[in-house]
Amino acid sequence: MKVSLVIPTYNERDGLKQMVASLSAVLERTGLDYEIVIVDDNSPDGTGALADELANEFKLLVVHRAGKLGLSSAVIDGWSRATGNLLGVMDADGSHDANILPAMVRAVATGGADVAVGSRYVPGGGMGDWPLRRQLISRVACVMGGLICPVKDVTSGFLVFRREVIEGVTLDPIGFKIGLEVLVRGKYRTFTETPYVFTDRKAGQSKLDFKVIRQYLIQLWRLVWFSLRNRGERVRIASS
């Protein structure tokens, strides 16, 4: 099996090399073939150029886009270019703990789960050093999303899943919550949540603003209508 992990970037140059190096080391431990797909939205800070340099040292596929077209569409583009039969996504800012990736990959490759979610909201997970305001926004967003999906961390952007989950599925690229799109629209029955403790970014700037919140509300409204017409059974599998 091969794992393709998509990392969308926009102005992430300062922390990219360290992130790619640590992520590559973790993926080596899975024992599976893998690729890291960097999708850069023409970052003015030179993130894309740095990614090209890193591709000489690490197993990177770098996708350059014409401009700032959005995180979700970047991830969708990355999955369309990926060659693995297991697909994944995580943030470029170091907030997601790459050390849980082997457990997530095992859960999907051999553990009976169609989707594995890196989760802050199951036992063992947590919000770490995130500011209280951000924690409150995240909690409210998860409560709202939980109305249409049984995953505890339904707004997680940290997933690994079988390619079949999104084959033939039309994903709406609005906003930042591509994980929510997969978890609601995806073709899967079983899922698991692997706990991790969120770490606030050490470099670069957060992309959260009123526009992002507005896009989430629009996305959620569309997904509510989708879920009313397409109700599928979702079965939780205990994380290993």
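The values are calculated or read from the model by the stated rules, or taken from the named source; none is laboratory data. All values reported here derive from a predicted model rather than from experimental measurement. Backbone-built Cβ (ideal geometry, glycine too); neighbour counts: all protein chains shown. We work out accessible area using only protein heavy atoms, side chains counted, and drop any ligands, DNA or RNA first. Shrake-Rupley method; radii C 1.70, N 1.55, O 1.52, S 1.80 Å.
Y10: accessible area at probe 1.4 Å, nearest 10 Å²?
Its heavy atoms expose roughly 60 Å² to the probe.
What figure in square angstrom, to the nearest 10, would you give for the accessible area of M1 with a 1.4 Å probe?
Near enough 100 Å² of accessible area.
For the range 124-240, report the translational diffusion coefficient in µm²/s to the nearest whole number, using Stokes-Einstein at 20 °C, 1.002 mPa s, and a Kirkwood Rh over Cα pairs. Kindly include the intermediate steps, with their values, before the conclusion.
Details: Rh = 15.3 Å.
Approximately 140 µm²/s, per Stokes-Einstein.
Given R₀ = 25 Å, what would the calculated FRET efficiency be for N230 paired with V26, taking r from the Cβ atoms and rounding to 0.05?
Numbers: r = 35 Å, r/R0 = 1.40.
Efficiency computed from Cβ-Cβ geometry: 0.10.
Test of understanding: in a Gaussian network model of the chain with alpha carbons linked when under 10 Å, which of L220, L136, L61 would top the mean-square fluctuation ranking?
L136
At a threshold of 8 angstrom on Cα-Cα distance, excluding pairs fewer than six apart, so keeping six or more, what relative contact order does the range 90-162 reach in percent?
Values: 66 pairs, mean separation 31.8, N = 73.
Here the relative contact order equals 44 percent.
Connecting C-alpha atoms closer than 10 Å in a GNM of the chain, tell me which of A49, A66, A92 has the biggest fluctuation.
It is A66.
Keeping all protein chains in the complex and leaving out DNA, RNA and ligands, what accessible area do you get for H64 with a 1.4 Å probe, in Å² to the nearest 10?
100
Would you work out which of C149, S239, V115 lies farthest towards the positive end of the dipole of the range 94-240, given +1 charges on the beta-carbon of Lys and Arg and -1 on that of Asp and Glu, about the Cα centre?
Going by the charge dipole, the pick is C149.
When the chain is modelled as a GNM with alpha-carbon springs shorter than 10 Å, which of P173, P123, P195 fluctuates the most?
P123
Ranked by accessible surface with a 1.4 Å probe, highest first, in what order do D77, D41 come? Please report the intermediate quantities before stating the final value.
Details: D77 50, D41 10 Å².
Per-residue accessible area, sorted high to low, gives D77, D41.
Dipole size in debye (nearest 20) for the chain around its Cα centre, Lys and Arg Cβ +1, Asp and Glu Cβ -1?
Values: 30 positive and 26 negative charges, 196 e Å.
In total the dipole reaches around 940 debye.
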